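The values are calculated or read from the model by the stated rules, or taken from the named source; none is laboratory data. As the structure is a computational prediction, the values presented were derived from the model and not from experiment. Neighbour counts run over all protein chains shown; Cβ positions are idealised from the backbone, glycine included.
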Amino acid sequence: MSDQQYVLFGSEYSPFSVKVRSYFRYKNIPHEWRPRTIDTMAEFKKYAKLPLIPLVLGPDETVWQDSTPIIETFEEKYTDPALQPPSETLAFLSCLIEDYGDEWVNKPMFHYRWWRSEDQEAVSNGLAQANNPRGDREALDQLADSIRTRMVPRLRFVGSNEKTKDVIEASLDSLLTLLGAHLKSRKYLFGGRPALADFGLFAQIYGCLQQPTTAAILQQGFPEITDWIDRMLDPVGGGNWEDWPTLAPTLEPLIRAQIGDIYLPWSLANEAAVQAGEEAFSLQLMQQDFGQQTVKYAAKSLQALRSRLAVIEDRQELEKILRDCRCLQPLLTPSS
Ligand SMILES: N[C@@H](CCC(=O)N[C@@H](CS)C(=O)NCC(=O)O)C(=O)O
């Protein structure tokens, strides 16, 4: 490892890792991508405070985990190229979309990964190969079996079950349609260069390309999205940011349908249950019942968005956009 180089422990199958890798590439941050495999596991465990990837290891052995704080930390040192549009309004919308990508779009990605046996098989084989690149057939088959047995029951952590499956799948359908329309006339979500929102959102949809059911949906119907994913794997900036009037015709419907009508109602119900000390919550989403166990992390990230909104001084335009997208009320409600 060179003195100046960061090590990024991750996996091609970990959207949060791929998100940070694309960010490091875009910012030209010197790093080595180190897949977490059976060979690097002991080293990973030595540094990991949480058993999660991505993990960034600095030359002085400082360790960072959790993709959003990792990006925030590196933004202080690597300011160029800018990660956010200069307008505070658009920068906030970019944070909101990133958060939605991490906390909601992760659901359809994970649900499709482990719901159907065809996807379970493809992903568990791919993960086994990634974890043990030199393993023989028998070792890989065994590993794939054990990964599948461990992961399928974890569907419940993202709230995927017989009752919620249709909502989760319909939410991805709707997202892809709206996103495809938005990306028809621009390279990235906010114009000619990627913003924080692109990194969070693309990574989850990239995960969808690794599993047959969603790969087929994407490849058959959404060329603008697969092209954007290709760009986001090693993004090049250089273009101009757009302003809200040109973005609005296709970005506003996406934010309203996905964040105003799905993600924030879900997040508010989750927060109320977390605060009441309940283990699970339910609500109506897309006119159907949706229930799952609480997610403490999402309650924190909702509060972080509110704090971020509260310090924006000139926020009339932003409040209007958020109101029109049915996002304002959940982002104003104070935490008790
Ligand atoms: N909020 C975290 C989530 C990280 C996360 O959930 N990572 C997953 C992979 S995408 C993980 O490490 N799962 C356990 C494992 O793979 O061992 C972040 O943004 O980094």
Query raised in the report: Hey, among the residues in region 118-167 that are outside any helix (DSSP H, G or I) and within 24 Å of the chain's Cα centre (by Cα), which one's surrounded by the fewest Cβ atoms within 10 Å (Cβ to Cβ)?
Result: Glu162
Query raised in the report: Of the residues Gln292, Gln258, which is touching a Phe, Trp or Tyr at 6+ places or on another chain (Cβ under 9 Å), more than 30 Å from Arg186 (Cα to Cα) and surrounded by 14 or more Cβ atoms within 10 Å (Cβ to Cβ)?
Result: Gln292
Query raised in the report: Does Leu176 satisfy the criteria of being touching a residue at least 12 places away in the same chain (Cβ under 8 Å), surrounded by 21 or more Cβ atoms within 10 Å (Cβ to Cβ) and part of a helix (DSSP H, G or I)?
Result: no
Query raised in the report: Is one or more of the residues making up region 57-76 modelled with pLDDT of 95 or more and more than 25 Å from Arg34 (Cα to Cα)?
Result: no
Query - Inter-residue pairs, beta-carbon under 6 Å, first in the same structural domain as Ile70 (by TED's automatic domain parsing) and touching a residue at least 12 places away in the same chain (Cβ under 8 Å) and in region 17-28, second away from the ligand (no atom under 12 Å from the Cβ) and part of a helix (DSSP H, G or I), 6+ apart - result: Ser22/Met232
